[in-house]
Amino acid sequence: MIIEIDMTSETPIYTQLVYQIKLGLIQGKIHPGDSLPSVRSLAGDIGINLHTVNKAYKVLVGEGVVTQVKKGYEISKETPPKISESYKEEFKEKLFDLMIDAAVFDIDVDGLLEEMKENLKGDGADV
């Protein structure tokens, strides 16, 4: 799994890590049941703090995308992962904010959806 973190981005590193793992799942680069690298290993590979990786993994556990197992963390075997009610509400709020921006800036939502599908496709991903 290749993780690309932009250290100059305004997006927090743990958030970038969360989305990189989700993107890997969507693109078929990682699969349900796959083990994630240990916190120490991933932090060392990327050159970030252990607490940052741990925070990202905890977010993913809270969302149901990752489960904590005896030996570390793995991608949830539930497909799709079970979403918590609190995350479902947070997701709806994010989507509502995006819909407002799309309307204000006259963004073609259909075209945007097509572009998103193309960008999310990986090796055989069905989006």
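Quick one: in segment 13-55, which of the residues that are of a type in the set (A, V, I, L, M) and more than 15 Å from the chain's Cα centre (by Cα) is farthest from residue 120 (Cα to Cα)?
Out of the qualifying residues, it is 50.
Just checking, which of 62, 33 is over 25 Å from residue 117 (Cβ atoms), surrounded by fewer than 16 Cβ atoms within 10 Å (Cβ to Cβ), touching a Lys or Arg at 6+ places or on another chain (Cβ under 6 Å) and free of Cβ contacts under 8 Å to residues at least 60 places away in the same chain?
33
Can you tell me which of (1) in contact (Cβ under 8 Å) with a residue 12 or more places away in the chain; (2) closer than 23 Å to residue 116 by Cα; (3) of a type in the set (A, V, I, L, M) is the one residue 48 doesn't meet?
(2)
Sort through 88, 94, 77 and tell me the only one that's touching a residue at least 40 places away in the same chain (Cβ under 8 Å), among the basic types (Lys, Arg) and out of contact with any Leu (no Cβ under 9 Å at 6 or more places or on another chain).
77
Just to be sure, is residue 42 surrounded by fewer than 18 Cβ atoms within 10 Å (Cβ to Cβ) and free of Cβ contacts under 8 Å to residues at least 40 places away in the same chain? Quick ask: steps written out before the conclusion?
Working: surrounded by fewer than 18 Cβ atoms within 10 Å (Cβ to Cβ): no; free of Cβ contacts under 8 Å to residues at least 40 places away in the same chain: yes.
Taking the combined requirement at face value, the residue does not satisfy it.
For segment 61-83, what are the residues that are over 13 Å from residue 32 (Cα atoms), hydrophobic (A, V, I, L, M, F, W, C) and within 15 Å of the chain's Cα centre (by Cα)?
Scanning segment 61-83 gives 61, 83.
Values quoted throughout were computed directly from the atomic coordinates according to the rules given, and no laboratory measurement underlies them. Every value quoted in this text rests on a predicted model; they were computed, and no experiment measured them. Quick reminder, even Gly has a Cβ in these numbers, built from the backbone with ideal geometry, and neighbours come from all protein chains shown.
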